[in-house]
Amino acid sequence: MIFGLGKKKAKQGSDSVEAPEAEKSKAKSDEDKKPSKAAKSQADAPAGTALGASRLRRKADLSGFEFETTAEIEPLHGLIGQDRALGALQFGAGMPESDYNIFVLGSDSCGKTAAVRQTLEELAKSGATPDDWVYVHNFEDANAPNAMQLPAGRGKALAKAMTDVIDELTSTLPAAFESEDYLSRARALEAEHSGSHEARLQALSDKAEERGIAFLRTPMGFTFAPMLEGKVVKPEAFEAMPPSMQAEVRQNIEALQQELETILLEVPRLEKSKRKHLRLLNEEVAQYAVNSALEEIITDFGDIEEVGQYLEKVRADLVANASLFLDEEASGATSIVPQTIDSSRDPRFRRYMVNALIAQPANRRGAPVVEAVNPTYGNIIGRSEHLAHMGALVTDFLLIKPGALHTANGGYLLIDARKLVSAPFAWDALKRALQTGHVQIEHPAESTGLVATQSIDPEPIPLNIKVVLFGDRELYALLSRADPEFQELFKVQADFEDTVDWDDENLRGYTAMIAAVSAKHELAPLNREAVEAVIEQGSRLASDRDKLSLEVSRIADLVREANYWAQKAERQTIAREDIQRAIAEHIQRGDRIRDLDRETFERGIVMVDTEGEKVGQINGLSVLQLGDFMFGRPSRITARVRFGPGRVVDIEREVKLGGPLHSKGVMILWGYLAGTFAKDKPLALSASLVFEQSYGGVDGDSASSTELYALLSALSGVAIKQGFAVTGSVNQLGEVQAIGGVNEKIEGFFDICKARGLTGEQGVLIPKANVQHLMLREDVVEAVAEGQFNVHAVATIEEGIEILTGKPAGIRGADGKFPKDTVFAKVEDTLATFARRAKEAGSFDDGPGAAGQSAKGATS
């Protein structure tokens, strides 16, 4: 057990009220069964009455839990209230098909990323460790590197072994070709081929000498010249010889030249034969050195057929290109101090290296879980880097870098969906990889022709992966609508809850979660009262007194900030006042705009009355949000009516400051007026509604009941108490409906009233359905408890108008009329007068526009 529930049952922080007799009897027969939250909240106070202070804020009571500080509580492992999402996650991870990828929905602060990673890491432990993948040189096509699959952990070993082979050959091959055995065999081969050639030339030379002809070797080649007494005859002397002697010499020289041509024609054949025999000798010597260097690596990796085939190609290429290792200048032989060759960087040997693209760590057991923090195209698919060479960018297989799909292959890849779809080409590339089942490294920028690069086309690597995208519900809906392939590839949605019910079971889990935050961040423990304060703030964040927020990061921030203030106060444990201080300081850091806005009310720049009575004027409430800080502000709403064609003119819409939701609300209130007061006669009314001093947009329908009250006041002539502010939407039946931001709206009007002085007559009207959402600030609750401020919950327009005017609304009697001197009777009288005038006039004046209003920025 984390902790026990004592004999005293934990209080739920809500008051009970007298229920109808049927409900009383049901509760009596089953005392332990709790009513539904909505029923309980709405039954706590009679309609239209002021709510008690205890209904404005739910108090946490952990007195029944057996702990004093969170140090005594076992921290929570995982999340609470997320069974649906975690079940979907396990289902998607277990489905072997490639199209059952997962999209995780939920707010960014609900802790979904950490929870998903923790869950997948547990599942990955039982998964198979994926193989290594390496890229090697393709000896048939250098621009199409080959991919090879090796058992896990052997990719780097192969790369190192190949480097060792080349390192060894840089020493052994030059030594082999400098050995005495090789040199003597090479000299013999040279002598064998050059000896026969020289012998024939010498025989020709002797023959020429016998005929008195000199055989001369010059830089320009071979030539013949006449001799006399053993000396070459000069041209002048030759010309002085008798003609018959000259003819004989020329005839002998011509015959000798023909023999010389025959000998010289045999030189290429002899050279070719010599080169052939020399090549065979070189291959024989290189074969021995290469076989010796490859012996160990073949033994270590001979069990992998594909590697064996690759090593045979390496062997043949090394033997054929042994001269690469004999370049003295590159090897540093001409250097004063010989340098060690880095064979992995030497361009002569790069093709023999191995690019261990995916190399599993030696300690990996199970499948990988990888998070792509920056999911750009290259970081997802992989890329080929380039080097500048001779004014161009060149690349090879050693410059291929893996992407997240490579590193997560065989496991799970976690990606932020918004970052992914924002990165050029990345989303389409990911879909293509999932659809084809291969990772193909391509270069989209090169297709534009703007980059001069040497491109390569690496062999695709098979893909076996589960992709988990994280995003909000809006993005999920957008992708579902805009991309038909999205639903085909991401068939599992893991939807994380934003809130959890406030009950005993979840309180245990919530308290354990708070203990986990304290332990994780090594904070001071929280005492019981501090935990209660955190729980109450969790309910406030949920905007629901019957729910607790699952925004784990915001709860963690609160506890960490409270720890800071506890240290400042030199306390060993975090107390309730530290939690309250952290909340107050957080608000103070972000409420500059609220303070400036409030100042406009205090200085009378923005006109809002908080005392007195006015006809056709009422205080509405809206909410502004800046980051995670929301605050409410009142706005004066006025209504003017006259005889006209049956139109309600929405000034906000006419000037394009309104939107569709508010326009809908205004049209609905016109429907209420027509249905309530003009069933059997024309609604000969022209009315105008406006948010006074509204210079930005206003959206939402939560002011529709407020505008209806202003219209009813203008039509009846009955004044509205200006000490009240109102929020709530209305339907055509006059029922007041729930709205959002109820706490901020109440507090916003309370702050204005408090600054001007609380009178006890001020308050706010809210929909009865919103009572269950009340988690007001403690100063507001205290003011209500002391009778200085009021919060009324109303279910209908009739209830609201009675509170605002202090007069009965009126109910139609058997004669179909409202009682005299009621608000509705006066409204009907005014409308009846307008109808008679319309009948007398026979036509209507057109008003300036139709019903409707909307907004942007603020939410009414």
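The values are calculated or read from the model by the stated rules, or taken from the named source; none is laboratory data. Not measured: the values here are computed from a predicted model. Here Cβ is always computed from backbone atoms with ideal geometry, including for glycine, and neighbour counts include all displayed protein chains. Side chains are part of the model used for accessible areas, which takes the heavy atoms of the whole protein and leaves out ligands, DNA and RNA. Shrake-Rupley method; radii C 1.70, N 1.55, O 1.52, S 1.80 Å.
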Measuring from label point to label point, each 7 Å out along Cα→Cβ, what is the residue 259 to residue 303 span in nm? 7.3 nm
Sticking with the crude label model, points 7 Å out along Cα→Cβ, report the distance from residue 320 to residue 436 in nm, one decimal please. 3.0 nm
Quick one: if the Förster radius is 51 Å, what FRET efficiency do residue 567 and residue 733 give, using the C-beta to C-beta distance and rounding to 0.05? 0.35
From phi via Karplus (6.51, -1.76, 1.60), per-residue ³J(HN,Hα) for segment 86-94 in Hz, x at Gly/Pro: 5, x, 5, 5, 5, 5, x, 5, x
20 Å Cα-Cα reach of residue 207 towards aspartates and glutamates, excluding residues that sit fewer than 8 places from it in its own chain: 198, 229, 248, 254, 259, 261, 266
Rounded, prolate or oblate: which one fits segment 508-554, using the alpha carbon gyration tensor with axes a ≥ b ≥ c (rounded when a/c is under 1.5, else prolate when a/b beats b/c, else oblate)? prolate
What FRET efficiency comes out for residue 313 versus residue 487 if R0 is 30 angstrom and r is the Cβ-Cβ distance? Round to the nearest 0.05. 0.05
Inter-site label distance for residue 144 and residue 251 at 7 Å from Cα along Cβ, in nm: 7.0 nm
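By how many nm would the segment from residue 821 to residue 478 grow when fully extended, if each residue of separation counts as 0.36 nm and the alpha-carbon distance is taken off?
Values: separation 343, 0.36 × 343 = 123.48 nm, distance 5.50 nm.
Going from the current span to full extension adds 118.0 nm.
Taking 0.36 nm per residue of separation and subtracting the Cα-Cα distance, what length does fully extending residue 679 through residue 231 add?
On the way: separation 448, 0.36 × 448 = 161.28 nm, distance 14.72 nm.
My answer for the length gained is 146.6 nm.
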Mind pulling the per residue volume of the convex hull built on the Cα atoms of segment 732-820? Å³ is fine. 116 Å³
Taking a ≥ b ≥ c as the square roots of the eigenvalues of the Cα gyration tensor of segment 347-465, is the shape rounded (a/c under 1.5), prolate (a/b larger than b/c) or oblate? oblate
Using modelled amide H (1.01 Å from N, peptide plane; none on Pro or chain starts), what sits under 5 Å from the amide H of residue 724, excluding residues fewer than 5 places away? 763
So how much accessible area does residue 428 have, in Å² to the nearest 10, using a 1.4 Å probe? 80 Å²
Please list the non-local residues whose amide H lies under 5 Å from the amide H of residue 736, H modeled 1.01 Å from N, same-chain partners needing a gap of 5 or more. 796, 797
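On full extension of the chain, what length is gained from residue 295 through residue 71, given 0.36 nm per residue of separation minus the C-alpha to C-alpha distance? Don't skip to the answer; put the middle values down first.
Working: separation 224, 0.36 × 224 = 80.64 nm, distance 6.28 nm.
Difference between extended and current length: 74.4 nm.
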Ordered by residue, what ³J(HN,Hα) values in Hz, to whole numbers, does segment 239-253 give under the Karplus form 6.51 cos²θ - 1.76 cosθ + 1.60, where θ = phi - 60° and Gly and Pro are x? 5, 7, 5, x, x, 5, 5, 4, 5, 5, 5, 4, 5, 5, 4
Lys pairs, segment 729-850 - Cα-Cα below 30 angstrom, 8 or more residues apart or on other chains: 16
Can you tell me the FRET efficiency between residue 761 and residue 597 if r is taken as the Cβ-Cβ distance and R0 is 30 Å, rounded to the nearest 0.05? 0.80
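Highest mean first, what order results for 159-168, 206-215 on Cβ atoms within 10 Å? Display every interim value, and only then the final one.
On the way: 159-168: 18.7, 206-215: 15.6.
Packing order, densest peptide first, comes out as 159-168, 206-215.
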Rounded, prolate or oblate: which one fits segment 384-530, using the alpha carbon gyration tensor with axes a ≥ b ≥ c (rounded when a/c is under 1.5, else prolate when a/b beats b/c, else oblate)? prolate
Could you pull out every residue, at least 5 positions away or on a different chain, whose amide H is within less than 5 Å of the one on residue 493? Hs are placed 1.01 Å off N in the peptide plane, and Pro or chain starts have none. 103
Phi to ³J(HN,Hα) by Karplus 6.51 cos²θ - 1.76 cosθ + 1.60 over segment 75-84, Hz, x for Gly, Pro: x, 6, 9, x, 10, 9, x, 10, 4, 4
